[in-house]
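This report refers to the structure that appears directly beneath it.
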Amino acid sequence: MSEINKNPDEELIQLREEIQSLREECENLQQSLASYEQIIGESNANVLHADMARMELEQIFSAYSDAMWVVREDEVVVRANNTMLEMLGKTAEEVIGKKCSSFLDYSLCESASCPLKGIGSQKNSTEDIQLTNLDNDDKHYLLTTAPLITLDGTPGIVAQFKDITSRKQAEETLEKANKILEKMALRDGLTQIANRRCFDETIQKEWRRMQREQQPLSVVLSDIDFFKKYNDHYGHQEGDE
């Protein structure tokens, strides 16, 4: 009876209030939907950006001229670039998922000095190493390692093998040349015996040694009398001989 006797004006007012309330709820829902769409759009954009960045880094890693690979702390290789695969003479399927020590004949492997043993220190390391390549030739590499977190969240390292064989060969050639020059600088060109420079260096060294040992030092000086007459009579070639 109360509903039947209700004033039509009151019903109209109540209906308008309900309609206004519904409108406000719709507006709130539309605003929430717009916010969600914006969040989803930003998330999709971030995912796309991350995928593009990952693809770009993957291309850079694969095309890098130095051999590189990523190894987990359990010694399992999780990534290797093309140069590394060429150096090992293996395919990606043959390398990924296998232990790094099964591919390298290197003294640091399985030792306390292995770069993987220093993951906890979070420090980069650099080693001058020598490896035997597929042709059984000794190659020199500058091994640089840095800690990183792999894609599955496991600690590991990224290792770069820079071929410095040519530099090493040049250094060895230069060292041999320096030794030859040093020998030439201390020898007389004609007689191949020690010259004045060698004498000066030796006398200083021996003088200091005798001072430390409190021992006497003697010098014997000899000469050939009237040698000019020999040259004048037999000639300088005979004199040189």
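The values are calculated or read from the model by the stated rules, or taken from the named source; none is laboratory data. On a predicted model such as this, the values are computed, not experimentally measured, just so you know. Quick reminder, even Gly has a Cβ in these numbers, built from the backbone with ideal geometry, and neighbours come from all protein chains shown. All accessible areas refer to the heavy atoms of the entire protein, side chains included, with ligands and DNA or RNA removed. Shrake-Rupley method; radii C 1.70, N 1.55, O 1.52, S 1.80 Å.
Scanning the range 152-169 for residues that are outside any strand (DSSP E or B) and open to solvent by less than 60 Å² (accessible area, probe 1.4 Å), which turns out farthest from residue 100 (Cα to Cα)?
Quick first cut of the range 152-169, residues outside any strand (DSSP E or B) only: 152-154, 164-169.
Right, trim to open to solvent by less than 60 Å² (accessible area, probe 1.4 Å) and you get 153-154, 164-165, 168.
Details: 153: 19, 154: 16, 164: 21, 165: 22, 168: 25 Å.
Looking at residues that are outside any strand (DSSP E or B) and open to solvent by less than 60 Å² (accessible area, probe 1.4 Å), I get 168.
Pairs linking a residue in the range 213-236 that is closer than 23 Å to residue 203 by Cα to a residue that is among the β-branched types (Val, Ile, Thr) and outside any loop (DSSP other than H, G, I, E, B), with Cβ atoms under 8 Å and 6 or more positions apart or on different chains, are 219/203. Does residue 230 qualify as being out of contact with any Lys or Arg (no Cβ under 9 Å at 6 or more places or on another chain), among the hydroxyl-bearing types (Ser, Thr, Tyr) and open to solvent by 100 Å² or more (accessible area, probe 1.4 Å)? Spelling it out, it is not the case that residue 230 is out of contact with any Lys or Arg (no Cβ under 9 Å at 6 or more places or on another chain), among the hydroxyl-bearing types (Ser, Thr, Tyr) and open to solvent by 100 Å² or more (accessible area, probe 1.4 Å). Going through (1) farther than 30 Å from residue 73 by Cβ; (2) without any contact (Cβ under 8 Å) to a residue 12 or more places away in the chain; (3) loosely packed, with under 12 Cβ neighbours inside 10 Å; (4) not hydroxyl-bearing (Ser, Thr, Tyr) one by one, residue 190 falls short only on (2). In the range 88-101, the residues that are in a loop (DSSP other than H, G, I, E, B) form Cβ pairs under 8 Å with partners that are among the β-branched types (Val, Ile, Thr), at six or more places apart or across chains, as follows: 96/77; 96/78; 97/76; 97/77; 97/78; 98/76; 98/77.
Of the helices (runs of 4 or more DSSP H) entirely within the range 194-241, those holding at least 1 residues that are of a type in the set (Ser, Thr, Tyr) occupy 196-213, 227-234. For residue 190, the criteria (1) hydrophobic (A, V, I, L, M, F, W, C); (2) within 44 Å of the chain's Cα centre (by Cα); (3) more than 30 Å from residue 80 (Cβ to Cβ) hold in every case but one, which is (2). Given the criteria modelled with pLDDT of 85 or more and surrounded by fewer than 17 Cβ atoms within 10 Å (Cβ to Cβ), does residue 86 qualify? Against the criterion (modelled with pLDDT of 85 or more and surrounded by fewer than 17 Cβ atoms within 10 Å (Cβ to Cβ)), residue 86 qualifies.
Look at residue 144 and say whether it is under 30 Å from residue 114 (Cβ atoms), touching a residue at least 24 places away in the same chain (Cβ under 8 Å) and surrounded by 13 or more Cβ atoms within 10 Å (Cβ to Cβ). No.
Would you mind stating whether residue 128 is acidic (Asp, Glu), over 14 Å from residue 87 (Cα atoms) and at pLDDT below 90? Spelling it out, residue 128 is indeed acidic (Asp, Glu), over 14 Å from residue 87 (Cα atoms) and at pLDDT below 90.
Checking the condition open to solvent by 90 Å² or more (accessible area, probe 1.4 Å), more than 23 Å from residue 97 (Cα to Cα) and either out of contact with any strand residue (DSSP E or B) (no Cβ under 9 Å at 6 or more places or on another chain) or not basic (Lys, Arg) (or both), which residue from 180, 149 passes? So that I can check it myself, show each step before the final result.
Numbers: 149 fails: more than 23 Å from residue 97 (Cα to Cα).
That would be 180, the only listed residue that is open to solvent by 90 Å² or more (accessible area, probe 1.4 Å), more than 23 Å from residue 97 (Cα to Cα) and either out of contact with any strand residue (DSSP E or B) (no Cβ under 9 Å at 6 or more places or on another chain) or not basic (Lys, Arg) (or both).
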